[in-house]
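A short write-up of the structure that comes next.
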Amino acid sequence: MKPERAKNIWTYMVSTRRFKLGVIMMLLAVLLSFISIYITVEAVTQTYDWDAAEDQYLEPIRLYSPYGALSNNLSVSYYNGENASATVVVLGPDIDYDNPLHNFTLRSDDTTDLTLHENATFLKPYFDEGYMEMEYTVEYQSHPYSLLFIPAIVLSFSGIIFIYGSYSIALDRMAEDVDRMDLPFHDYRSPVDDEEGNDE
């Protein structure tokens with residue numbers, strides 16, 4: 001009958017609880033990492049209204065554009081019982097009035113819809129009387145689950161520690177099994193012990 005052979009270290013490692021927990025942690029870390037980079041398209045709608053009799057605008061209104069807008073859809077309405085008009089100027093980040101991105105005029109009870117230039121940053125209305133309403137929608141890319149990368153990092157490091165710990169446990173179990181095996185006899189006594197035995 002052939003003597004029993006010791007299993008390799010890998011067999012001992014995969015049988016430990018620490019190794020299994022470490023692998024589960026690593027898989028969860030990979031899953032959370034993929035979820036954290038998931039991209040969604042969000043939409044934000046902003047509304048403004050002005051009354052020429054009450055509001056004075058010395059500075060242009062900053063358009064809300066988070067994280068780089070994909071599109072800006074603007075709707076402006078002007079209401080005035082008189083035969084009047086209003087002018088709306090859309091400016092870039094440099095606020096250059098000589099080179100506006102958009103410049104249009106509204107008559108009384110008119111509504112204008114347009115898609116803003118990608119660099120549209122500020123809007124300035126000009127009117128002496130009446131009432132103006134503005135609404136625009138900004139669509140932008142968002143990473144709503146980006147914070148999941150934090151537990152992903154924690155789980156990945158924890159998984160590495162658990163897997164490394166399973167290696168030490170596997171070595172101890174391997175040594176215990178080797179001691180219990182019925183291996184051929186080997187005389188591990190020192191030469192000094194042999195001489196003492198012969199003298200007797």
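Details
- Residue list for segment 153-173, filter: more than 18 Å from LEU28 (Cβ to Cβ), in contact with a Ser or Thr (Cβ under 9 Å, 6 or more places away or on another chain) and among the hydrophobic types (A, V, I, L, M, F, W, C): ILE169, ALA170
- Qualifying residue in segment 88-98 (condition: small (Gly, Ala, Ser), in contact (Cβ under 8 Å) with a residue 24 or more places away in the chain and surrounded by fewer than 16 Cβ atoms within 10 Å (Cβ to Cβ)): yes
- Just one of (1) closer than 27 Å to THR40 by Cβ; (2) in contact with a strand residue (DSSP E or B) (Cβ under 6 Å, 6 or more places away or on another chain); (3) surrounded by 16 or more Cβ atoms within 10 Å (Cβ to Cβ) fails for ASP113. It is (3).
- Any hit, segment 124-132, residues being at positive phi and either buried (at least 17 other Cβ atoms within 10 Å of the Cβ) or outside the structural domain of SER75 (by TED's automatic domain parsing) (or both): yes
The values are calculated or read from the model by the stated rules, or taken from the named source; none is laboratory data. Everything numeric in this text was worked out from a predicted model, so none of it was measured. Neighbour counts run over all protein chains shown; Cβ positions are idealised from the backbone, glycine included.
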